[in-house]
Amino acid sequence: MERHPYRPGLSGIVASETEISQIQGSLTYRGYPIEELAREALFIEVAYLLLHGELPSHEQLADFQTLLIETGQLPQPVIAVIDSIPPHIEMMEVIRTGVSVLAHFDPQMEYGMFMSEFANAQYLLAMLPQLISYRYHQVNGSHGVRVNFHHSYAGSFWHMLKGDEPSQLEEEAFNAALITYADYGLAPSTFAARVVASTGSPLYSAVCSAVGSINGQLHCSSGIGVLDALQEALYSGNVEDWVCQEITKGKRVLGFESSHHKPKDPRSAVLKEYCSQLADALGLTEMEAAADTIEEIMAKVQKVHPRVEWHTSRLLHYLGFEPELFTPIFTVSRLVGWVAHIIEQSENNHLYQPSSRYVGMDTRKYKPLPLRS
């Protein structure tokens with residue numbers, strides 16, 4: 001047996017120990033099942049849980065909420081930078097730049113050093129939704145909405161983006177979506193954050209690396225392609241024929257796992273329930289029925305489960321969000337998971353330094369330039 005076996009992408013390698021989340025049949029945050037948290041908790045409670053290890057008391061939650069309220073508005077120099085970015089630049093690229101610039105205006109930075117990672121997290125939780133909503137309204141020529149964290153976090157974020165108040169069901173569904181995306185083990189973006197944190201680099205550098213990673217096509221699908229495929233199935237006039245033809249042609253139906261060996265995503269049941277409720281409430285039952293049909297056929301014929309974006313793309317579509325906002329919304333949610341992992345990494349740090357296997361040329365003799373043909 002090889003002393004150092006090669007595992008492409010570090011597949012199957014246990015790279016860290018964590019107390020934050022566990023994926024084993026179900027998904028738990030600090031021991032709490034995701035199903036219970038999505039139904040019963042507010043996102044801000046879950047953010048506190050991931051960051052501090054326990055659910056907050058009434059007083060702790062009030063203090064956490066007050067800190068968000070008192071953080072204030074997006075700094076004017078950050079706004080100036082966003083204004084200078086051409087309108088065709090994608091939102092995730094703007095977020096990456098914006099997070100980097102926000103580091104220079106975090107009040108927890110003194111003498112070039114950050115004083116508290118928990119405070120950095122609270123600052124980013126307050127600023128990131130503002131940054132996204134400002135850019136969204138700027139590019140679309142609409143009026144921005146003044147921040148107001150007196151609502152729930154989900155309700156405040158909704159108001160910043162849409163300028164109105166969500167219904168109770170809409171707010172609950174949006175809150176559940178934020179909760180289900182807050183952490184998912186050692187996902188690529190989380191691993192990127194931990195690797196950077198392991199070098200002793202500041203939190204903002206680690207978060208920027210995570211933003212860059214989550215923007216990759218193979219990590220966090222925005223759901224745009226999933227939504228397009230579902231609408232194509234609807235427009236075909238016969239959803240069953242459409243999905244069967246896709247399978248016969250050997251095409252991959254977007255939103256589904258590529259292998260039947262992959263287990264069912266534990267977040268799916270929570271999100272599917274809210275999709276069904278929203279579809280009934282908003283009169284969008286035709287799309288939901290089409291999604292159910294495709295899901296049933298894929299399970300029966302291909303024996304594969306839907307990926308999480310199969311549900312989130314519909315849920316955010318039902319809530320009226322533009323596809324360009326899907327990944328930015330997930331980024332706000334995943335921020336708390338990233339910071340929790342960065343803090344955990346810093347408290348028991350081991351520098352990530354895996355080996356590589358050389359497969360290049362054998363040793364060669366250097367030739368002076370005149371002797372090279």
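The table that follows gives values for the structure above.
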item	result
Candidates LEU335, LEU325, filtered to the one that is in a helix (DSSP H, G or I) and at pLDDT 95 or above	LEU335
Single residue of ARG96, ARG135, ARG146 found to be open to solvent by 60 Å² or more (accessible area, probe 1.4 Å), of a type in the set (Lys, Arg) and part of a helix (DSSP H, G or I)	ARG96
Any chance PHE64 is under 20 Å from PHE157 (Cβ atoms), modelled with pLDDT under 95, aromatic (Phe, Trp, Tyr) and in contact with a helix residue (DSSP H, G or I) (Cβ under 7 Å, 6 or more places away or on another chain)	yes
Qualifying residue in segment 100-114 (condition: surrounded by fewer than 19 Cβ atoms within 10 Å (Cβ to Cβ), among the charged types (D, E, K, R) and assigned to a helix (DSSP H, G or I))	no
Sole exception among (1) open to solvent by 50 Å² or more (accessible area, probe 1.4 Å); (2) closer than 28 Å to TRP338 by Cα; (3) among the basic types (Lys, Arg) for ARG267, by number	(1)
Residue list for segment 279-315, restricted to those being over 25 Å from TYR184 (Cα atoms), buried (at least 16 other Cβ atoms within 10 Å of the Cβ) and touching a Leu at 6+ places or on another chain (Cβ under 8 Å)	MET287, ALA290, ILE294
Leading residue by the ranking (modelled with the highest pLDDT) among those in segment 156-184 that are surrounded by fewer than 20 Cβ atoms within 10 Å (Cβ to Cβ) and among the small types (Gly, Ala, Ser)	SER167
Complete set of residues in segment 191-216 that are outside any helix (DSSP H, G or I) and more than 21 Å from PRO328 (Cβ to Cβ)	THR199, GLY200, SER201, PRO202
Test for VAL211: is it out of contact with any helix residue (DSSP H, G or I) (no Cβ under 7 Å at 6 or more places or on another chain), among the hydrophobic types (A, V, I, L, M, F, W, C) and at pLDDT 90 or above	no
Flag if ARG357 is among the basic types (Lys, Arg) and surrounded by 12 or more Cβ atoms within 10 Å (Cβ to Cβ)	no
Unique residue being in contact with a helix residue (DSSP H, G or I) (Cβ under 7 Å, 6 or more places away or on another chain) and not in a helix (DSSP H, G or I) when the list is LEU254, LEU230, LEU278, LEU234	LEU254
Cross-chain or 6+ apart pairs with Cβ under 7 Å, segment 256-271 first and in contact (Cβ under 8 Å) with a residue 60 or more places away in the chain, then of a type in the set (Ser, Thr, Tyr) and surrounded by fewer than 19 Cβ atoms within 10 Å (Cβ to Cβ)	PRO266/SER26
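The values are calculated or read from the model by the stated rules, or taken from the named source; none is laboratory data. Computed from a predicted model, the values in this text were never measured in an experiment. Note that each Cβ is placed from the backbone with ideal geometry, even for glycine, and that neighbours are counted across all protein chains shown. Just so you know, the surface numbers come from the protein's heavy atoms only, side chains and all, with ligands and any DNA or RNA stripped out. Shrake-Rupley method; radii C 1.70, N 1.55, O 1.52, S 1.80 Å.
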